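Here the structure is laid out as structure tokens; the discussion comes afterwards.
What follows draws every value from the coordinates through simple rules; no lab data is involved. Owing to the predicted nature of the structure, the values given are computational and were not obtained by experimental measurement. Don't worry about glycine lacking a Cβ; one is built from the backbone with ideal geometry, like all the others, and counts go over all protein chains shown.
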């Protein structure tokens, strides 16, 4: 989404180049007041949720096809990333996080996001929020990584447990989605 109007005065925003720390930067700036739309990446939390010896992947209710992914969500003001991912896992799956370990931080430029990924050991009975349509449990060696965002986090985690990850191609991902087949 591209902003077109100033949220302060409703005037048009225009691409303007100005000197900033580190050099000239082109940003959307208000043509009437001093507002600058910074368009900084949004932090997104991701959880590789392990229950026993299986990893839970879920399908978002808004997605077409049957694509399954990690549990993700946005941080809330005033919470740490660890608190945020534990909250998201509880809200979306009803599972209680018992232990968390940072897997890594990943850029996801297509969505203008920075993904902070954790491996979470969780317990309890899965009960999905309305945001999720279904879930599947996979043995780690069954997981196939997608070639973007959280797929790289999953691959890095698999390497930490001695599994060399396999990636699907974008073409395979789209073909699986269109065929309504489950995928990770």
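Could you compute the FRET efficiency for residue 107 and residue 32, with r as their C-beta to C-beta distance and R0 at 35 Å, rounded to 0.05?
0.55
Relative contact order, percent, of the chain when contacts are C-alpha pairs under 8 Å separated by at least 6 residues?
RCO, the chain: 21 percent.
Please give the calculated 222 nm ellipticity per residue for the chain, where each DSSP H segment of at least 4 residues contributes -39500 (n - 2.57) and the sum is spread over every residue; nearest 500 deg cm²/dmol?
Calculated at 222 nm, the ellipticity per residue is -5500 deg cm²/dmol.
Among DSSP beta bridges whose residues both lie in the range 42-178, state the antiparallel percentage, nearest 5.
70 percent
Sort 12-18, 90-96 for me by packing, meaning the mean count of neighbouring Cβ atoms within 10 Å per residue, highest on top.
By packing density, highest mean first, the sequence is 90-96, 12-18.
Per the Kirkwood formula on distinct C-alpha pairs, the Rh of the chain is how many angstrom?
About 18.3 Å for the chain.
So how much slack lies between residue 137 and residue 164, counting 0.36 nm per residue of separation and subtracting their Cα-Cα distance, in nm?
7.8 nm
If packing is taken as the average number of other Cβ atoms within 10 Å across a peptide's residues, how do 124-131, 151-158, 102-109 rank, most packed first?
Most protected by this proxy first, the peptides run 151-158, 102-109, 124-131.
Ordered by packing density, taken as the mean number of other Cβ atoms within 10 Å over each peptide's residues, highest first, how do 39-46, 23-30 rank?
39-46, 23-30
Treating the angle as unsigned and between 0 and 90°, give the value, to the nearest 10°, between the Cα long axis of helix 81-93 and the longest Cα principal axis of the chain.
In the chain, helix 81-93 runs at an angle near 60 degrees to the longest axis.
Please give the helix 149-160 orientation as an angle from the longest Cα principal axis of the chain, in degrees from 0 to 90, rounded to the nearest 10.
Around 40 degrees separate the two axes.
Any idea how far apart residue 91 and residue 8 come out in nm if each label point goes 7 Å out from Cα toward Cβ?
3.0 nm
Within 10 Å of each residue's Cβ, count the other Cβ atoms and sort 67, 110 from fewest upward.
So the ranking, lowest neighbour count to highest, is 110, 67.
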